[in-house]
Amino acid sequence: MTILILEWSNPLNKSCAIHFSCVSQLFIFCSVMLHLSQDVEALRGELCRKDEECREQERRLAALEQQVQERTGVIVQLQQQLEEAAQRRQELQLLRDGEETLSRQAALPLQVKYVTKTVEVESAQSKQALIEAQAHNQALQEQLSVQRQLLRELEQQLHESQRSSSQLRQQILVYEGEMERAQGQLEAEMQSLEEEKNRVIEEAFIRAESEMKAVHENLAGVRMNLLTLQPALRTLTCDYNCLKRQVQDFPYMLEKAITEAKQEICQVIGEVSSANQELLRKYKREMNLRKKCHNELVRLKGNIRVLCRVRPVCAGETDAADTKNKVTFDPDDDAVLYLSNKGKLMTFELDKVFPTQATQEEVFQEVQSLVTSCIDGFNVCIFAYGQTGSGKTYTMEGVPEDPGINQRALRLLFSAVSEKKPDWDYKITVSMVEIYNETLRNLLGDNPNEKLDIKMCPDGSGQLYVPGLTEFTVESVEDINKVFDLGHMNRATACTNLNEHSSRSHALLIVTVAGFNSSTGHRTSGKLNLVDLAGSERITKSGAEGSRLREAQCINKSLSALGDVINALRSKHSHVPFRNSRLTYLLQDSLSGDSKTLMMVQVSPLESNVSESVCSLKFAQRVRSVEIGPSSSSRRQAESSSTSSSPTHDGVEVQRHKHTHPQVTRTLKRKNQSNLRDVGYSLLSNMK
Ligand code: ADP
Ligand code: MG
């Protein structure tokens, strides 16, 4: 595509330039014409306005003429009245003339003597006639006075009419003058407008002429350009034809290119998806390897790890007898503990010993790899073992300002599962159970006195479950605190003295971590059992009776059963006596197989507790020599041969612990380290 555009772009550039100059000239011409037409438009507007004014003046003139006509009508009326008045005057004159004639006749000398007799006869008649004439005269006189009055009024009216007619005439004259003036003005304006119009038209004409000239010149230039353009046009036509052909061919080429591109894309998609598959496969393999490595690491540390924590002397325990330091530590070896018992120094070797000043955080760091392995689907048990008051609850639950393993483990699980998002989706649920006198109580249920049973899953998987056990899903520290508070409350409601009761029962916090990987479809399920065991102190059989004796028997039974189970597992017995106690039965799936167990043996530093401390440490030593799962390290083999295969407790003869010289211990440690290194190398080569 790019090549095609380059081929025809050169001739096009040249012709385009020429075209551009023509177009620009035309553009100038058009703009001039536009300007002119605007002027003409403005003049037209002005003319219309003037016409409108003329029409207005004409209207005013017509109104004035109408007024004049009206006035003329009034004048004609008045003249008619005047004529009538003149007629009446004439009549009056006639009457006056008659009267005068009468009075003249009356004034003539009477020819009385001559016609006395005859006149006498006639005189009565004459008298009558006279009277009548006089009456007639009287009437005429009255009529005359009325007529005179009328005449005067008419004369007055005539005067007024004459005055108003003269006023009207004057007004007419004024109006005529105004009209003449307005007409003159109008004519002058018309004249000036006409002149203006002529002038503007003339100017526009001149401008148009000059512009036309310029346009003509431009046209001539354009013609010239056209002449020069023709060859360019020819080449353009040629190019156009060529392009047309290419355009005609283009759909076919495009289709071909699209098909090729589609094929390429399909190929690339295929490659990418196979690379993705490969990556996914590798990812799964790496995940399995990581899990294996982690597991191996935990296994190398020992599937059963036994740690020891010595609690500090508390305030109020500073009795003279107790202040003597009975527990000492090896400054060079954090796995060794010395206990002075009846003047003899006993040495105990465990996986790690926490001295009195060890913090909760330090203790948790040692167990956190176990906690995280339950995210990978392993079952884990962490036990706190020891006599009452040795610090089991402190290690497991801690105090609000310094929490113990329980809360720290859940916090760690929250942060670890959130790091695995969004590939993995985890659900963390918790249950709290108490085992007292071999009965199981649901600490998170509505009825804490309700006894629970342990049953085999009906699906034939061999898994155990506790029907009716309450589970809470937790997602935050607030959730954990709420659950713990509920558990404590329920535990306290069922007993009169919580401290005493708690030392006589096992408290279990069961955390289940179920994960699902949406990209691989993998599912995992791990269980973390955090167990605060009942006090391990021996109660002499003779001393205890009634409920105390039953409690002691139950505790003894369950702790012995725990030792027996671990022992049977270590010895790979075909039968492991999980069912001998509720505790081992409940934890069966978390103790067997690939599970991991950590025993935190709590020791009191007080002299009065030394014999119990010896018992606890001996139990720990035996448990430590047991290996859960198929493989066992040489270290475990070497050590297991030196210990009893049967854990003992409370009244059972404790086999003497074979003291190991510190020098021998260090040699063994070095051997173990080299074993660890060997396994590490083999793991690395596996990964490669
Ligand atoms: P248990 O549960 O074994 O009967 P507790 O955990 O109740 O023993 O501990 C007994 C006492 O000792 C408690 O007052 C507790 O606060 C204290 N305590 C135990 N361990 C420690 C420790 N590491 N640091 C400080 N105080 C401790
Ligand atoms: Mg306790």
* Asked: Condition test on Val371, is it within 14 Å of ligand 1 (Cβ to nearest atom) and surrounded by 21 or more Cβ atoms within 10 Å (Cβ to Cβ)?
  -> no
* **Extreme residue, farthest from the chain's Cα centre (by Cα), among residues of region 381-416 that are part of a helix (DSSP H, G or I) and within 12 Å of ligand 2 (Cβ to nearest atom)** => Lys392
* When both residues are 6+ apart or on different chains and their Cβ atoms are under 6 Å apart, which pairs have a first residue that lies in region 236-262 and is closer than 30 Å to Leu226 by Cβ, and a second that is exposed (fewer than 10 other Cβ atoms within 10 Å of the Cβ) and aromatic (Phe, Trp, Tyr)? -> none
* **Top-ranked residue of region 374-412 - restricted to ones that are open to solvent by 20 Å² or more (accessible area, probe 1.4 Å) and of a type in the set (Ser, Thr, Tyr), ranked as nearest to Leu509 (Cα to Cα)** => Thr393
* Selected residue [over 26 Å from Arg538 (Cα atoms) and more than 16 Å from ligand 2 (Cβ to nearest atom)] from Phe378, Phe348, Phe354, Phe329 -> Phe378
* Structure fact -> Per the filter on region 390-407, residues over 20 Å from Ile435 (Cβ atoms) and within 14 Å of ligand 1 (Cβ to nearest atom) are Gly391, Tyr394, Gly398, Val399, Pro400, Glu401, Asp402, Pro403
* Output yes when any residue across region 448-456 is modelled with pLDDT under 80, buried (at least 16 other Cβ atoms within 10 Å of the Cβ) and within 16 Å of ligand 2 (Cβ to nearest atom), and no when none is. => no
* Asked: In the set Leu452, Leu464, which member is touching a residue at least 24 places away in the same chain (Cβ under 8 Å) and within 22 Å of Ala561 (Cβ to Cβ)?
  -> Leu464
* Can you find even one residue in region 174-183 that is among the small types (Gly, Ala, Ser), open to solvent by 50 Å² or more (accessible area, probe 1.4 Å) and out of contact with any Gly (no Cβ under 9 Å at 6 or more places or on another chain)? -> no
* Asked: Out of region 556-584, which residues are within 19 Å of Val433 (Cα to Cα) and without any contact (Cβ under 8 Å) to a residue 40 or more places away in the chain?
  -> Ala561, Phe578, Arg579, Asn580, Thr584
* Selection from region 458-501 of residues that are within 16 Å of ligand 1 (Cβ to nearest atom) and under 13 Å from Leu443 (Cα atoms) -> Phe484, Gly487, His488, Arg491, Ala492, Cys495
* Sole residue being part of a helix (DSSP H, G or I) and either closer than 28 Å to Ala42 by Cβ or open to solvent by 60 Å² or more (accessible area, probe 1.4 Å) (or both), chosen from Ala220, Ala204, Ala232 -> Ala204
* Does any residue in region 334-345 that is of a type outside the set (A, V, I, L, M, F, W, C) come within less than 7 Å, Cβ to Cβ, of a residue that is not in a strand (DSSP E or B) six or more places away or on a different chain, and which pairs are these? -> Ser340/Lys326; Asn341/Val610; Asn341/Val614
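The values are calculated or read from the model by the stated rules, or taken from the named source; none is laboratory data. None of the values given here were measured: they were computed from a predicted structure. Positions of Cβ are backbone-derived with ideal geometry, glycine not excepted, and every protein chain shown enters the neighbour counts. Ligands, DNA and RNA are excluded from the accessible area calculation, which covers all protein heavy atoms including side chains. Shrake-Rupley method; radii C 1.70, N 1.55, O 1.52, S 1.80 Å.
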